[in-house]
Amino acid sequence: MSARENLEKVRAAIAAAETETDRKSGSVRLVAVSKTKPPEEISPVIEAGQRVFGENRVQEAQSKWPGLKGETTGIELHLIGPLQSNKTAEAVALFDVIQTVDREKIAREIARETKKQDKHPILYVQVNTGSEPQKAGIEPDEADAFIAMCRVELGLKISGLMCIPPVEENPGPHFALLAKIARENHIETLSMGMSDDFETAIAFGATEVRVGSAIFGAR
Ligand SMILES: *Cc1c(COP(=O)(O)O)cnc(C)c1O
């Protein structure tokens, strides 16, 4: 099936999940994850009306998106992969949303760059809900203090939280934990749910789902 047809299916599934779980129609945004896919596979999805995209590497996004953004207005680009501090300047310049703020060093770099460039991407904090050693994200029990530090000390506006549950676990409790941390910190945007579990994430309050392979096919 073409990416265009897949996109329609995913949109329909999101709409159905909204209805089934008494969420307002249109309250869940779709971030189409285009990592590893070349521009010629992304263009048809843009032509089908999708405007919000996610990439996990700064360098790859730099090579693909300035061209694609030049062809269409209204593209919103999200960084969903770990950010290295030596890539912060490029990330602040290119991305509209950085979903992966997860440690003090990166938060400080972002604060510096946003002032320097006078460019202010929307920021989410990534939470390592499963406390997996190999995974990025702030530990759940450090999230409140980290969010407060970003806001009070660095003057950053934190408007969302993001998580990637452990692959082998039932994702529900992880989505519930992220929603709880969001409520406690007055954060409205919840970026959770991928191709295999976005409907579950919507049931737990996701306001954004990040869907790659269900649209673009296997990587
Ligand atoms: C790759 C990726 C996705 C999309 O995963 P699929 O299973 O292909 O939908 C979502 N979020 C993050 C952070 C990713 O790296």
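Tell me which lysines have Cα within less than 27 Å of Lys35's Cα, excluding those fewer than 8 residues away on the same chain?
Result set, ordered by chain and number: Lys9, Lys64, Lys69, Lys87, Lys105, Lys119, Lys135, Lys157.
Taking 2.2 N^0.38 Å as the expected size of a compact globular protein, what ratio does the Cα radius of gyration of segment 121-176 give against it, to two decimals?
1.19
Determine, for Thr200, Thr100, Thr21, the number of other Cβ atoms within 10 Å of each Cβ, and report the residues in order from fewest to most.
Fewest to most other Cβ atoms nearby, the residues stand as Thr21, Thr200, Thr100.
Helix-only estimate, please: 222 nm mean residue ellipticity of the chain, summing -39500 (n - 2.57) across DSSP H runs of length 4 or more and dividing by its residues, to the nearest 500.
Helices in the chain give a 222 nm mean residue ellipticity of -12000 deg cm²/dmol.
Mind checking which of Val58, Leu68, Met1 is farthest towards the positive end of segment 1-72's charge dipole, using Cβ charges of +1 (Lys, Arg) and -1 (Asp, Glu) about the Cα centre?
Val58
According to the Kirkwood expression over distinct Cα-Cα pairs, how big is the hydrodynamic radius of segment 145-219, in Å?
After inverting the pairwise mean of 1/r, the radius is 13.2 Å.
Taking the Cα centre of the chain as origin, sum charge times position over the Cβ atoms of Lys and Arg (+1) and Asp and Glu (-1), and report the length of that vector in debye to the nearest 20.
Dipole size: approximately 640 debye.
Suppose R0 equals 41 Å; then what is the FRET efficiency for Ser25 and Glu169 from their Cβ-Cβ distance, rounded to the nearest 0.05?
With R0 = 41 Å, the Cβ-Cβ based efficiency is 0.85.
Once the Cβ-Cβ distance between Ala145 and Ala176 is put in as r, and R0 is 22 Å, what FRET efficiency do you end up with, to the nearest 0.05?
0.60
For segment 1-149, state the average projected area of the convex hull of the C-alpha atoms over all orientations, rounded to one decimal in nm².
So the Cα hull casts an average projection of 10.7 nm².
Are there trypsin sites (Lys or Arg not before Pro) in segment 1-82 that DSSP marks as loop and that have at most 10 other Cβ atoms within 10 Å, and which are they?
Lys24
Give, as a single signed number, the net charge of other residues whose beta carbon lies under 12 Å from the beta carbon of Lys64, with Lys and Arg counted +1 and Asp and Glu -1.
-1
Can you compute the FRET efficiency between Ser131 and Thr73 using 1/(1 + (r/R0)^6), with r the Cβ-Cβ distance and R0 = 45 Å? Round to the nearest 0.05.
0.60
When a footprinting reagent is the concern and you count Cβ atoms within 10 Å, what order do Asp96, Asp144, Asp102, Asp197 take, fewest first?
Asp144, Asp96, Asp197, Asp102
Taking each pair of distinct Cα atoms in segment 1-46 once, what is the resulting Kirkwood hydrodynamic radius in Å?
So the Kirkwood estimate lands at 11.8 Å.
What distance in nm separates the two pseudo spin-label positions at Lys105 and Arg4, each 7 Å out from Cα along the beta-carbon direction?
According to this spin-label approximation, the distance is 4.6 nm.
Can you list the trypsin sites (Lys or Arg not before Pro) in segment 92-175 that are in a DSSP coil and have 12 or fewer other beta carbons within 10 angstrom?
Answer by residue number: Lys157.
Quick one: if you take sqrt(5λ) for each eigenvalue of the C-alpha gyration tensor of segment 1-87, what semi-axes come out, biggest first, whole angstrom?
25, 16, 11
Any read-out appearing in this document is the output of simple, stated calculations on the displayed coordinates, not a laboratory observation. All values reported here derive from a predicted model rather than from experimental measurement. Virtual Cβ from ideal backbone geometry, glycine too; neighbours counted across all protein chains shown.
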